[in-house]
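Values quoted throughout were computed directly from the atomic coordinates according to the rules given, and no laboratory measurement underlies them. This structure is a prediction, so every number in the text was calculated from the model and none was measured. Cβ coordinates were reconstructed from backbone atoms using ideal geometry, including for glycine residues, and neighbour counts include every protein chain displayed.
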Amino acid sequence: MKSPVSGILLFTLSALLWAAGCKPKSTAGAGPGGGAPGAMAVQVVAVPVREKPVTEVVPLVGSIAANEFIEVKCEADGVVATIGFEEGQKVKQGSLLLALDESKFTAALHEAEASQKLAEANFARAKQLTADKLISQQEFEQAAATFTMNEATVDLRRRQLRDARILAPFSGTVGARQISPGQVISRNTLLTTLIDLDTVKAEMNIPERYLGKVAIGQRIRFRVDAFPKDEFEGEVYFIAPQLDPNTRTALVKARVPNPEGRLRVGMFAKLDLSIQLRDRALVIPEPALLASGDLVSVFVVTPQTNVVMRPVKVGIRLAGRVEILSGLTNGEIIVVEGHQKLFPGAPVRFGPAASSAPYLD
């Protein structure tokens, strides 16, 4: 049987052991913000959240059309006397493109003018005789009608003589020649083409959902396969008042300066239609995003240079950047490189200023 003294000693020893085990551990080595004890600061690349206009770029495929384009044809039958252009030549408005043999047109005009002079004399004589009541009213009206008809015939013959010479209706580049000197041609024979390429038109079909974002005067940018490294720019000047019922799209045209003539009719244009959605939006570099299922978050650097993980709601994705609809405020510092070793509360230090330059603009 144990003595009361030994029982008391055993109870006292147990109490002391229990008190030593419940003593709080020292936090002297804990990292800032509750991080791991003695944690080393992780070097990261971080940039501030920026407030910028958000512009959505809609990729479209269009085609290049000429500012002006005609098939040059003749309105009269005749023999080709003169060809006033070379294939591919640039011509000014009013330049002679083709002349037919004018001899038959000139003869017809002289004949009509002679008949008109005779009719004019007969008409003058008929007026005098009618005033003297020497001819009937019917004879006078017949002389008047003959005079009028001959005047019209003279005008027609003059027009036919003018039609024997074809002039350029606008400045442009002449296409392939379809006729030869001395060739007999008939009305509506295709002679060549004339194209104005100093300015071209980029034509595209805009889906209905984007139509409200397109306006007259809006700028567009596009590329063509012939010059893949060059970007061309134009200005919207036409929006069709109706939609195509089959595609639910509207035809939109833009004028594009083409002083060097590099853009040709029929080229496919890969267009980027810029649609500004918001004047002021929060934008961050896309590499800052951390996705886990449907949850998207970023590491935010606190004033104490610790990081906290913040869920965000993403808006429009741009080229290398993304719009943030909620979760961040303008000016907050976020991590874009160095996520691998980070955890909530981890201390960080910033890398060289040059490392963040690619993410700033």
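Summary of computed values
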item	result
Ranked TYR359, TYR237, criterion: other C-beta atoms within 10 Å, fewest first	TYR237, TYR359
Sequence-separation-based contact order of segment 102-163, relative, with Cα cut under 8 Å and 6+ spacing, percent	51 percent
Radius of gyration and Dmax over the Cα atoms of the chain, both given in Å	43.7, 177
Cα principal axis extents for segment 102-163, largest first, Å	46, 13, 10
Length gained when the stretch THR189-GLU68 is fully extended (0.36 nm per residue, less Cα-Cα span)	41.5 nm
Fewest-first ranking of GLU51, GLU56, using other Cβ atoms within 10 Å as the exposure measure	GLU51, GLU56
Evaluated at q = 0.12, 0.14, 0.15 Å⁻¹: base-10 log I(q)/I(0), Debye formula over Cα of segment 93-225	-0.74, -0.84, -0.89
Whole-number percent relative contact order across the chain, with pairs defined as alpha carbons under 8 Å at least 6 apart	28 percent
Fully extended contour minus Cα-Cα distance, from ARG209 to PHE268, at 0.36 nm per residue	18.9 nm
Charge dipole (the chain, unit charges on Cβ, about Cα centre) - positive-most of GLY175, PRO358, ILE195	PRO358
Residue pairs, from the table LYS201/LYS313; LYS213/LYS341; LYS92/LYS201; LYS52/LYS229; LYS73/LYS201, whose Cα atoms sit over 32 Å apart	LYS201/LYS313; LYS213/LYS341
Percent of beta bridges antiparallel (DSSP, the chain, rounded to nearest 5)	95 percent
Ranked by how many other beta carbons lie within 10 Å on average, peptides 113-119, 169-175 from highest	169-175, 113-119
